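Notes to accompany the following structure.
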Amino acid sequence: MTRIRPQKFGHIVYRTRRFDQMLGWYQIVFDARVQYQNPALAFLTYDDEHHRFALADLDVLQPDGSETEKQSLIGVDHVAYTYASLEDLFENYEQLKAKGIDPYWCVHHGVTVSMYYADPDGNQMEFQVEAFDSSEEANAFMCGPINAANPVGVEYDPEDWLVRMRAGTPVSDFLMRQIHEPASPIRGALGK
Ligand SMILES: [Fe+2]
């Protein structure tokens, strides 16, 4: 069995209670531009990737969160790795599942199909596949109305997808999100 490896590193997401200061800092230091922003989330990039950074504003998302709850802490929320294809993502899913390692959140972000895993320390990571063929299309989606209406995404059941894939549903049907609601809650490895 050949193990699946990521194709590249994708992005990093930080939780912050200094949202505006952080936004300014990444624009200055990385010459990053804002791809999409709402009161709770901002996505920035410095190259042709649709986002290299995202910021989650805890003052909006966890206004009453205590510092003892992991999801309320400032710092890294997750890092993302890009896989070469949907087949790779799901082959990796099955290989890890056989080792007792399961994702805690499967969500179609629109711009990516993603599975989130946590390491033994609870560090969260996203394994993603690009939904679009080109960065131009991905960027257009990121800045467009569908993403603005639901910037988090729609959850999916990987077991259901595997059944449909094996029944012959083309990969493109999964990559291009057909439904854009309901918006998924942002899930964490600790379930908070
Ligand atoms: Fe992400």
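What follows is calculated from the coordinates using simple rules that are stated; it is not laboratory data. A quick note: this is a predicted structure, and the numbers were derived from the prediction, not measured. Quick reminder, even Gly has a Cβ in these numbers, built from the backbone with ideal geometry, and neighbours come from all protein chains shown.
Structure summary
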| item | result |
| --- | --- |
| Rounded FRET efficiency, nearest 0.05, which uses the C-beta distance separating M1 from Q37 and R0 of 41 Å | 0.45 |
| Karplus (6.51, -1.76, 1.60) ³J(HN,Hα), θ = phi - 60°, over segment 34-41, in Hz, Gly and Pro reported as x | 7, 8, 7, 8, 9, x, 9, 9 |
| Residue-by-residue Karplus 3J(HN,Hα) for segment 77-82, coefficients 6.51, -1.76, 1.60, Hz, glycine and proline x | 8, 7, 10, 10, 10, 9 |
| Sites matching GluC sites (Glu not before Pro) across segment 71-174 that sit in DSSP coil, with at most 15 neighbouring C-beta atoms within 10 Å | none |
| For T112, distant residues with modelled amide H under 5 Å away | A131 |
| Cα pair distances in segment 85-156, grouped into 10 Å bins until the bin that holds the longest one, percent each | 19, 46, 27, 8 |
| For segment 19-62: rounded, prolate or oblate by the Cα gyration tensor [a/c cutoff 1.5] | oblate |
| Potential extension, H180-D48 segment - 0.36 nm per residue separation minus Cα distance | 45.1 nm |
| Inter-probe distance in nm under a simple model that places probes 7 Å from Cα toward Cβ, at D59 and I74 | 1.1 nm |
| Relative pair counts by distance (%), Cα atoms of the chain, 10 Å bins | 9, 36, 38, 16, 2 |
| For segment 96-112, 3J(HN,Hα) per residue [Karplus equation, 6.51 cos²θ - 1.76 cosθ + 1.60, θ = phi - 60°, Hz, x = Gly/Pro] | 5, 4, 5, 9, x, 10, 10, x, 9, 7, 10, 9, 8, 6, x, 7, 9 |
| The chain: relative contact order in percent, alpha carbon pairs under 8 Å with at least 6 residues between | 21 percent |
| Distance in nm between pseudo-label sites at E137 and K97 (7 Å out along the Cβ direction from Cα) | 2.7 nm |
| Segment 1-39 and segment 149-192: distance between their alpha carbon centers, rounded to Å | 22 Å |
| Neighbour-limited loop hits for trypsin sites (Lys or Arg not before Pro), segment 88-186 (at most 15 other Cβ within 10 Å; DSSP other than H, G, I, E, B) | K99 |
| FRET efficiency, D121 to I12 (Cβ-Cβ, R0 22 Å, nearest 0.05) | 0.85 |
